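The values are calculated or read from the model by the stated rules, or taken from the named source; none is laboratory data. Note that this is a predicted model, so its numbers are computed, not measured. As a convention, Cβ positions derive from the backbone with ideal geometry for all residues, glycine included, and neighbour counts pool all protein chains shown. These accessible areas exclude ligands, DNA and RNA; they are computed on the full protein's heavy atoms, side chains included. Shrake-Rupley method; radii C 1.70, N 1.55, O 1.52, S 1.80 Å.
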Amino acid sequence: MNEIVFDIKKYCFLTDSEPDVSFIPMLQRRKLNKFGRAALYTMYKVYDDTPINLVFASEYGDVERVEKLINQRKEDGEVSPAGFSASVHNAVVGIFTLLKGINKSYNSISAGKKTVSTGLLESILSKNSLFCYTESFDGLKSVSTLICENKNGNYILCENSENLSSKESFEDLIAFLEGRTDEFISELYIIKRRTL
């Protein structure tokens, strides 16, 4: 893998708190639960209205809605079409595109324990992109980053040729973004700050 130099223009994250999403129109806001509010909050905080690719990632998706649908199916023998459409993996990023008037396709990724690193890699390879990872299983957490192609950027993506132990969780990504660690390491690649 050749080195890829890029920039992270902005990032925003939250954990275990329900954000203020009063900037979202009331009609759409009423339909959102904690998972959707967290994702939209972090995406809105980094998005700067430039044309971008969108990458959304979640290992489990909207667990609260899925549980509700399972119980509804058991009790009533059927599920609400509106509830189902709001529970699909790409529902939140779809709402974001509608609210922001984005007419581009987007990727929605779930890759088990590698979801954060897989989604981030897809976002970097997509060049100018907004990456959002949101999870509600075992605690609410969301992070969004605005990534841009820049040959003189501050970050380098390179192969993990030394087979360093991976540190690719949500918490590892936040530690890297905040500068508490020097590298974000997956089994396949490493992201590090560029030294000039």
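Within the set 65, 73, the sole residue that is open to solvent by less than 70 Å² (accessible area, probe 1.4 Å) and basic (Lys, Arg) turns out to be 65. For the condition assigned to a loop (DSSP other than H, G, I, E, B), among the hydroxyl-bearing types (Ser, Thr, Tyr) and surrounded by 14 or more Cβ atoms within 10 Å (Cβ to Cβ), what is the one hit in 133, 60? Exactly one of 133, 60 is assigned to a loop (DSSP other than H, G, I, E, B), among the hydroxyl-bearing types (Ser, Thr, Tyr) and surrounded by 14 or more Cβ atoms within 10 Å (Cβ to Cβ), namely 60. For the condition closer than 30 Å to residue 153 by Cβ, in a loop (DSSP other than H, G, I, E, B) and open to solvent by 20 Å² or more (accessible area, probe 1.4 Å), residue 103 qualifies.
With respect to the numbered conditions (1) among the small types (Gly, Ala, Ser); (2) touching a helix residue (DSSP H, G or I) at 6+ places or on another chain (Cβ under 9 Å); (3) farther than 18 Å from residue 10 by Cα; (4) at pLDDT 90 or above, which one is the sole condition not fulfilled by residue 86? Here residue 86 meets the rest and fails (4).
Here's the yes/no breakdown for (1) free of Cβ contacts under 8 Å to residues at least 24 places away in the same chain; (2) within 17 Å of residue 177 (Cβ to Cβ); (3) buried (at least 18 other Cβ atoms within 10 Å of the Cβ); (4) in contact with a Lys or Arg (Cβ under 6 Å, 6 or more places away or on another chain):
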{"site": "3", "(1), (2), (3), (4)": "no, no, no, no"}
{"site": "11", "(1), (2), (3), (4)": "no, yes, yes, no"}
{"site": "18", "(1), (2), (3), (4)": "no, no, no, yes"}
{"site": "38", "(1), (2), (3), (4)": "no, yes, yes, no"}
{"site": "47", "(1), (2), (3), (4)": "no, yes, yes, no"}
{"site": "51", "(1), (2), (3), (4)": "no, no, no, no"}
{"site": "56", "(1), (2), (3), (4)": "no, no, yes, no"}
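A count restricted to the range 116-130 and to residues that are open to solvent by 50 Å² or more (accessible area, probe 1.4 Å) and not in a loop (DSSP other than H, G, I, E, B) stands at 3. Before we move on, is residue 147 assigned to a loop (DSSP other than H, G, I, E, B), under 26 Å from residue 19 (Cα atoms), in contact with a strand residue (DSSP E or B) (Cβ under 9 Å, 6 or more places away or on another chain) and aliphatic (A, V, I, L, M)? So residue 147 fails the test. Would you pick out the residues in the range 20-29 that are outside any loop (DSSP other than H, G, I, E, B), surrounded by 14 or more Cβ atoms within 10 Å (Cβ to Cβ) and without any contact (Cβ under 8 Å) to a residue 60 or more places away in the chain? The one that is outside any loop (DSSP other than H, G, I, E, B), surrounded by 14 or more Cβ atoms within 10 Å (Cβ to Cβ) and without any contact (Cβ under 8 Å) to a residue 60 or more places away in the chain: 29.
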